[in-house]
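Each remark here refers to the structure printed beneath this line.
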Amino acid sequence: MQIKLLPVQAPFYDNCRLLVAADCSAYAYAGFHEEFMDGKITLIGCPKLDDTDYSEKLSQIMALNDIKSVTVLRMEVPCCGGIENAVKKALMASGKMIPWSVVTVSRDGRILD
């Protein structure tokens, strides 16, 4: 679901693991659905195309719900740094200690270490 269209509070967030993914990552990484979406609520966005900072909405989602973990899936391109930074800001603003990780996909579809 697009980040900008999601409610900040909903039953599907309860005890969930979030995947916050750059929209291009689903096209670039062949195993996107099987390896990253399974068992997670997926939030999709592109700070460059949406021309927005998602951090306020994400912090509300994190503060108002019982989120178990957050995975950020981004591309190696500079514009995807916006989605990673938004999650970092949201985690700090939420006031919660939620485990999180970042996975970066190369332009040729590989997972980078």
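Worth pointing out:
- When Asp38 is tested against (1) under 15 Å from Val87 (Cβ atoms); (2) over 11 Å from the mean Cα position of the chain (by Cα), exactly one condition is not met: (1).
- Val20 among the hydrophobic types (A, V, I, L, M, F, W, C) and either in contact with a strand residue (DSSP E or B) (Cβ under 6 Å, 6 or more places away or on another chain) or crowded, with 18+ Cβ neighbours inside 10 Å (or both): yes
- Filter result for Lys48 (among the basic types (Lys, Arg), modelled with pLDDT of 95 or more, in contact with a helix residue (DSSP H, G or I) (Cβ under 7 Å, 6 or more places away or on another chain) and surrounded by 14 or more Cβ atoms within 10 Å (Cβ to Cβ)): no
- Residue, surrounded by the most Cβ atoms within 10 Å (Cβ to Cβ), within the range 61-88, restricted to residues that are over 12 Å from the mean Cα position of the chain (by Cα) and under 19 Å from Tyr13 (Cα atoms): Ile67
- Options Ile98, Ile111; residue that is open to solvent by 10 Å² or more (accessible area, probe 1.4 Å), more than 18 Å from Leu5 (Cα to Cα), over 11 Å from the mean Cα position of the chain (by Cα) and in contact (Cβ under 8 Å) with a residue 40 or more places away in the chain: Ile111
- Residues satisfying the stated conditions in the range 1-30, i.e. of a type in the set (S, T, N, Q) and in contact with a helix residue (DSSP H, G or I) (Cβ under 9 Å, 6 or more places away or on another chain): Gln2, Gln9, Ser25
- Test: Met92 is part of a helix (DSSP H, G or I) and either buried (at least 21 other Cβ atoms within 10 Å of the Cβ) or of a type in the set (Ser, Thr, Tyr) (or both): no
- Output for the range 25-45, where each listed residue is touching a residue at least 24 places away in the same chain (Cβ under 8 Å) and open to solvent by 50 Å² or more (accessible area, probe 1.4 Å): Ala30
Conditions (1) at pLDDT below 95; (2) farther than 22 Å from Gln2 by Cβ, marked per residue:
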position: Leu58; (1), (2): no, no
position: Leu64; (1), (2): no, no
position: Leu73; (1), (2): no, no
position: Pro78; (1), (2): yes, no
position: Gly82; (1), (2): yes, no
position: Lys89; (1), (2): no, no
position: Met92; (1), (2): no, yes
position: Val105; (1), (2): no, no
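The values are calculated or read from the model by the stated rules, or taken from the named source; none is laboratory data. Given the structure is predicted, the values throughout are model-derived calculations rather than measurements. Cβ coordinates were reconstructed from backbone atoms using ideal geometry, including for glycine residues, and neighbour counts include every protein chain displayed. The accessibility values were calculated without ligands, DNA or RNA, using every heavy atom of the protein model including side chains. Shrake-Rupley method; radii C 1.70, N 1.55, O 1.52, S 1.80 Å.
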